[in-house]
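> Can you read through this structure? Questions will come right after.
The values are calculated or read from the model by the stated rules, or taken from the named source; none is laboratory data. Not measured: the values here are computed from a predicted model. Cβ atoms come from the backbone with ideal geometry, glycine included; neighbour counts cover every protein chain shown. Calculation scope for accessible area: heavy atoms of the full protein, side chains included, ligands and nucleic acids excluded. Shrake-Rupley method; radii C 1.70, N 1.55, O 1.52, S 1.80 Å.
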Amino acid sequence: MEALTLTGATLNGEDGSGLDALESQPAATAATAAALEHSHGHSHSHGHGHGHGHGGGAGCGHPAHNTNANMRRPMVPIGQIVAQKENWVNALFMAIRGGLCPPFANLANAIRASPEYDSKSTAEQSVFGTHLPDGYTLVHWAAKRVDDVRFVEYLLGVSEVNGNEASKDAVGMRPIHWAATEGGIPHAARFVAKFSKDGLMATDTSGCTPLLIAAQYGHADLAAFLVQQGADISHLDT
């Protein structure tokens, strides 16, 4: 598995035995936003009048999961990264972007076991539920990883996570909407199972439901699944 680079750090290794060293940087939070490298941000520059263009994921402008295998650093124990609390969110984000589920789970478990972690924090205060500088959450990015539903499964199992929270941008998409842009039936199924109608009929700021987005992106199988689950086919966006 290739490494994923962000704010001077990498995560390597499918076995999750270790993660590369994270560099502490004063601008680490701001750098996260810059590293997202996606064009759907903040306006979603899509199409159909409110933000979800036609033509699938490419039309949406969501990013490929960029990796950089040429910036590997010496492996260090996960515990060393856990000791750098200011980089927890970045490290989790990198693991998701890089598709590194075992390292992600190992790191997440280590963070939750840390005495520095507050399991009673609100969703926004929690490292697992907070919005990144671009306005999205880790669950949003996990919903994009249609190649591996385990990221979504893990995050939805964290009590401090609100997995149906809208993004803090002008479009206000929820994670299930991101899954819908990719045609992720297993992902959508997890959201529907957890949130029922609140997930199935979740709307963005333009009134788009997961069904509308799936249809606009040409994901017929997902659209059929959502209808089967009870999605309102008469609902229109605004």
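> Restricting to helices (runs of 4 or more DSSP H) lying wholly in segment 83-171: which have 3 or more residues that are at pLDDT 90 or above, within 22 Å of Lys194 (Cβ to Cβ) and open to solvent by 20 Å² or more (accessible area, probe 1.4 Å)?
101-113, 150-156
> Here's another thing I want to ask about it. Scanning for something closer than 28 Å to Val158 by Cβ, in a helix (DSSP H, G or I), open to solvent by 30 Å² or more (accessible area, probe 1.4 Å) and in contact (Cβ under 8 Å) with a residue 40 or more places away in the chain, does segment 218-230 turn up at least one residue?
So far as segment 218-230 goes, yes, one or more of its residues are closer than 28 Å to Val158 by Cβ, in a helix (DSSP H, G or I), open to solvent by 30 Å² or more (accessible area, probe 1.4 Å) and in contact (Cβ under 8 Å) with a residue 40 or more places away in the chain.
> Collect the residues in segment 197-217 that are open to solvent by 60 Å² or more (accessible area, probe 1.4 Å) and either free of Cβ contacts under 8 Å to residues at least 12 places away in the same chain or touching a Leu at 6+ places or on another chain (Cβ under 8 Å) (or both), keeping them in residue-number order.
Within segment 197-217, just Ala215 meets the criteria.
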